[in-house]
Amino acid sequence: MTAVPAFANCHSHAFHRALRGRVTGADSFWSWRDQMYALAGVLDPDLLFELARATYCEMNLAGIRSVGEFHYVHHQPNGRPYDEPNAMGEALIAAAREADIRITLLDTCYLAAGFGKAPEGVQRRFTDGTADAWATRVESLASKYAGEDDVVIGSAIHSVRAVPRDQLATVAAAMSDAPLHVHVSEQPAENAECIAATGMTPVALLAEAGVWTPRTTAVHATHLTTDDVVMLGTAHSYVCFCPTTEAELADGIGPSVALRDAGARLTLGSDSNTVIDMFAEARAVEMHERLSTGIRGAWTADQLWLAATTTGHESLGFVVPDTIEIADTIRTAGAEELLWAATAADVEGDPTDIADLLESAIDACWDRV
């Protein structure tokens, strides 16, 4: 066996795991989202626990020891809070603990269906009504888990579409020492709507609210202007690329090299969990750059290992945990070069019962849909 640092998965929506292989015919991100919303509408704390536990077990088997769970399905289907207001978040924390994986629960503020649009349909499950109400709920959860070694409560802005301009600063100010993550510029339509509504790009609008700091992670950051790149780099923010999801959803290829050179710090995530393999995510950053530019070698193995491990754990509020072991059947010139050759299947571990857990949870989801 070859010992390497354990991975950090910095952007996950655990319940999306049930979508794997079921909505590949959707013609765009927006039609895919309709299918995802249908799934979000049937979840309850027990079902979310079962699905997340199976998904986190799969992550553990793939060598992931920390996960950033971008969590926004907070309330009952009618929008009313559960008797325990953080019941859904608690289900995710319990699932991670059973799977023996550390979790940063990125409790997400989601207040609108778009610029000037009230939440509708399943989105009523996502909203607390105001940023102040969201902050009250999530700060209560954070106080409960303060000092725990395996749980960090962080915050998230779902997107500039989902949090009105006048409430962004409230989210940015809440829990000012915890990780703060935000979806940004994943789709050209998001940029166009933001510019039409505010005259600013999403990155600039978030900068106005004080979002970009060294504790902040911009997730996706795919369609950026030159000024956007400079803002993220100057703030020394993290930027989380999720290449397998960005490819599966036809999002595009983000400017990873420009962001790195500007001063931003790369991390990686599995996002929709279409693939749970951090080797694949790391390699894809370089491979997508090769496809985009026609030049090899923009990212070294050492740089990508750092993104997938140390930098990733730090962005979630954790230090690097123990190492994982890679099977000797992967023959390379050295440990660094494993990144170009290995897959999650080469991580030493016991897959017993994971298939049964996944089958049971996913079947239960689709029986309800």
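The values are calculated or read from the model by the stated rules, or taken from the named source; none is laboratory data. Every value quoted in this text rests on a predicted model; they were computed, and no experiment measured them. In this analysis, Cβ positions are derived from the backbone assuming ideal geometry, glycine residues included, and neighbour counts consider all displayed protein chains.
Put simply, of D251, D328, D356 the only residue that is closer than 24 Å to A96 by Cα, at pLDDT below 95 and out of contact with any helix residue (DSSP H, G or I) (no Cβ under 6 Å at 6 or more places or on another chain) is D356.
Within the stretch 38-46, can one find any residue that is out of contact with any strand residue (DSSP E or B) (no Cβ under 7 Å at 6 or more places or on another chain), more than 24 Å from P243 (Cβ to Cβ) and at pLDDT below 95? For the stretch 38-46, residues out of contact with any strand residue (DSSP E or B) (no Cβ under 7 Å at 6 or more places or on another chain), more than 24 Å from P243 (Cβ to Cβ) and at pLDDT below 95: present. Residues A218, A196, A247: which one is closer than 16 Å to E281 by Cβ and small (G, A, S)? None of the others qualify; the one that does is A247. Residues in the stretch 332-348 that are in a loop (DSSP other than H, G, I, E, B) and more than 24 Å from the chain's Cα centre (by Cα): T332, A333, G334, A335, E336, E337, E348. Residues in the stretch 35-86 that are in a helix (DSSP H, G or I) and among the acidic types (D, E) were compared, and the one that is nearest to the chain's Cα centre (by Cα) is E58.
Taking every residue in the stretch 1-17 that is among the small types (G, A, S) and modelled with pLDDT under 95 and pairing it with any residue that is surrounded by fewer than 23 Cβ atoms within 10 Å (Cβ to Cβ) and not in a helix (DSSP H, G or I), at least 6 positions away or on another chain, the pairs with Cβ-Cβ distances below 7 Å are A3/T323; A3/E325. Scanning the stretch 236-277 for residues that are of a type in the set (G, A, S) and either buried (at least 22 other Cβ atoms within 10 Å of the Cβ) or closer than 29 Å to M59 by Cα (or both) returns S237, A247, A250, G252, G254, S256, A264, G269, S270, S272. Count of the stretch 116-143 residues, restricted to those that are among the basic types (K, R) and exposed (fewer than 14 other Cβ atoms within 10 Å of the Cβ), is 1. Could you run through the stretch 297-326 and say how many residues are assigned to a helix (DSSP H, G or I), touching a Cys at 6+ places or on another chain (Cβ under 7 Å) and not hydroxyl-bearing (S, T, Y)? Total satisfying the criteria: 1. Only one of the listed residues (A341, A307) is of a type outside the set (K, R) and touching a residue at least 24 places away in the same chain (Cβ under 8 Å). That residue is A307.
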